[in-house]
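Comments concern the structure below.
The values are calculated or read from the model by the stated rules, or taken from the named source; none is laboratory data. Because the structure is predicted, anything quoted here is derived from the model rather than measured. Neighbour counts are summed over all protein chains in view; Cβ atoms, including those assigned to glycine, are modelled from backbone coordinates with ideal geometry.
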Amino acid sequence: MITSVSGVLVSATPLSAVIETGGIGYEVHIPVTTAERLPSSGAAVKLHTLAVYREDSATLYGFATEAERDFFRLLVEKVTGVGPKMALSVLSKLSLPTLKGAIAAGDVGLLAKCPGIGKKTAERLVMELRDKLNPADFGHAAAGAATTATAAAPAGENKIRDAVLALTALGYKAADADKAVRQAWVALGTKASTEALIKKALG
C-alpha cells in the first residue's frame, strides 16, 4: 500500500498533482483544499495517499494531512453510494474541520451543497459517519456546521473551526465562511491565531 509520496512537484491543477521521485512521475488526484496548500512547481512536497484499485485502473489520491486521507477512506469505505470521485468533491468544497462539524451537528443542508451530493446522500453521510468519527474531535455541538473542539483535536483544526464559527455568527453562510478561513490559513501560515484568521477572512 502506498501511504505517502514525497518528491518534487512537477505540475498541479486544482484536482491533480504530478510528483516526481526516484525518476518516476506519479499522478495524484487531490481535492481543491489540498491544491490550495501546494508549493510552487519545482519545490519539495509530500502528500499522504490512498491507492484505489479497480478492475481496469489503479488511481492514487493524495491529501495534505493524514487526517484528510483517513476521512477520505472513511467516506469511500463506509458510506453507501459514495465513491472516490464524490468523496474528493466533498473534500474539495469544505475543509475537514467544517465537514466533521457538519456531520456531528447533523447539518444536512450544508453537506448537500457539495457538488454531486443531494439531500439523501447528505443524510447518509450523517447517519453512517456520525458514530464513526472520533468523539475527541468534538466538544459541545454548536449551531450550524461548526462545533467547539476539545483540546484533543489538532490545534489547526481548533483555529479553523473557531474562525468559521465566528464568521457564521456574523452572518456568513457556512460554506463561504469556510472558504474565507481556508484562504486566510494559506496566506498567513499554520502559526496564525484564530483572531488573525478572522481578521484576514474579513479583510
Given (1) modelled with pLDDT of 95 or more; (2) of a type in the set (A, V, I, L, M, F, W, C); (3) part of a helix (DSSP H, G or I), identify the lone condition not met by residue 75. (1)
Would you be able to tell me the number of residues in segment 177-203 that are among the charged types (D, E, K, R), surrounded by fewer than 14 Cβ atoms within 10 Å (Cβ to Cβ) and over 20 Å from residue 38 (Cβ atoms)? 1
Against the definition (in contact with a Leu (Cβ under 8 Å, 6 or more places away or on another chain) and either modelled with pLDDT under 90 or surrounded by fewer than 21 Cβ atoms within 10 Å (Cβ to Cβ) (or both)), how does residue 80 come out, yes or no? no
Enumerate the pairs (first residue in segment 76-94 and closer than 16 Å to residue 127 by Cβ; second residue anywhere and in a helix (DSSP H, G or I) and acidic (Asp, Glu)) with beta-carbon separation below 6 Å, excluding pairs fewer than 6 apart on the same chain, so at least 6 apart or on different chains. 78/128; 79/128
Having 3 or more residues that are at pLDDT 90 or above is the bar; report the helices (runs of 4 or more DSSP H) wholly within segment 99-180 that clear it. 108-111, 119-129
